[in-house]
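Written below as structure tokens is the structure these notes are about.
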Amino acid sequence: MDFAPVLESIRDTCLNMLQDCEFISVAGHHYDIASIVSECCSACIDFTDLVLIGFCRKENLYLMTDDADYAGSGLNIISANRKIVEIADHRHR
């Protein structure tokens, strides 16, 4: 199966969304690096996932992902993965 048309459609949709977005750069005030290093070990969560979670929390952003690692993060999640959305919705109630 040729996925090029699907990928092109996703690309076009994302590019259209970007026209309505504001870029927010990530800086050190978005997270506490010592806490992230500790949480990486205790919670078995990827370092970069924790940085992104901290960033989204600080800026009150929605995260668009199909990565199940974010399901229990407490973030507002936009996803085509119904399982992630159900977990996220359940936690916000």
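The values are calculated or read from the model by the stated rules, or taken from the named source; none is laboratory data. Since this is a predicted model, take the numbers as computed values, not measurements. Note that we place each Cβ from the backbone using ideal geometry, even for glycine, and neighbour counts take in every protein chain shown. Note: accessible area is taken over every heavy atom of the protein model, side chains too, but ligands, DNA and RNA are not part of it. Shrake-Rupley method; radii C 1.70, N 1.55, O 1.52, S 1.80 Å.
A few remarks follow.
- Some residue of segment 4-16 being open to solvent by 80 Å² or more (accessible area, probe 1.4 Å), charged (D, E, K, R), modelled with pLDDT of 85 or more and touching a helix residue (DSSP H, G or I) at 6+ places or on another chain (Cβ under 7 Å): no
- Being surrounded by 10 or more Cβ atoms within 10 Å (Cβ to Cβ), outside any helix (DSSP H, G or I) and not charged (D, E, K, R) is true of ILE77.
- Yes/no for ASP69 being in contact with an Asp or Glu (Cβ under 9 Å, 6 or more places away or on another chain), on the phi < 0 side of the Ramachandran plot, at pLDDT 90 or above and surrounded by 10 or more Cβ atoms within 10 Å (Cβ to Cβ): no
- In segment 17-65, the residue that is nearest to the chain's Cα centre (by Cα) out of those that are outside any helix (DSSP H, G or I) and crowded, with 16+ Cβ neighbours inside 10 Å is LEU63.
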